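Colleague: Okay, handing you the structure first.
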Amino acid sequence: IFRRFYREEEVHEQQGVGIGLYLAREIVTRQGGYIKVVSEPGKGSEFSIMLPTK
C-alpha cells in the first residue's frame with residue numbers, strides 16, 4: 001500500500017491516484033520515523049506515525 005500509484009482493485013472507480021501513502025512514508029522516513037498500520041478487512045485501517053523526539 002505504500003508503493004507509488006498503488007490502487008486496490010475495488011477502489012478504481014473512486015477518485016485518486018494512489019500517491020498519498022507513498023508520500024507520507026517518504027516524508028516520515030526522511031525524518032527518521034516510520035508508519036505502522038493495522039488493518040481489519042471489512043472494518044478499516046488504523047495508521048500510526050512514529051517520529052523521533054530529537
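Colleague: Out of (1) of a type in the set (S, T, N, Q); (2) loosely packed, with under 10 Cβ neighbours inside 10 Å; (3) modelled with pLDDT of 90 or more, the odd one out for T29 is which?
Modeller: Result: T29 fails condition (2) only.
Colleague: Taking the stretch 32-47, which residues are among the small types (G, A, S) and surrounded by 10 or more Cβ atoms within 10 Å (Cβ to Cβ)? So that I can check it myself, show each step before the final result.
Modeller: Step one: filter the stretch 32-47 for residues among the small types (G, A, S), giving 32-33, 39, 42, 44-45.
Across the stretch 32-47, the qualifying residues are G32, G33, S39, S45.
Colleague: Hey, any hits in the stretch 2-12 for a residue that's at pLDDT below 95 and in contact with a helix residue (DSSP H, G or I) (Cβ under 6 Å, 6 or more places away or on another chain)?
Modeller: Let us first name the residues in the stretch 2-12 that are at pLDDT below 95, namely 2-12.
With in contact with a helix residue (DSSP H, G or I) (Cβ under 6 Å, 6 or more places away or on another chain) added as a condition, the list becomes 2, 4.
Yes.
Colleague: Can you pull out every residue in the stretch 39-54 that is more than 14 Å from L21 (Cβ to Cβ) and not polar (S, T, N, Q)? Let's see the steps before the verdict.
Modeller: Step one: of the stretch 39-54, the residues more than 14 Å from L21 (Cβ to Cβ) are 40-44, 50-54.
E40, P41, G42, K43, G44, M50, L51, P52, K54 - these are the residues of the stretch 39-54 that are more than 14 Å from L21 (Cβ to Cβ) and not polar (S, T, N, Q).
The values are calculated or read from the model by the stated rules, or taken from the named source; none is laboratory data. On a predicted model such as this, the values are computed, not experimentally measured, just so you know. When we count neighbours, we look across all protein chains shown, and the Cβ atoms used for this are built from the backbone with ideal geometry, even at glycine.
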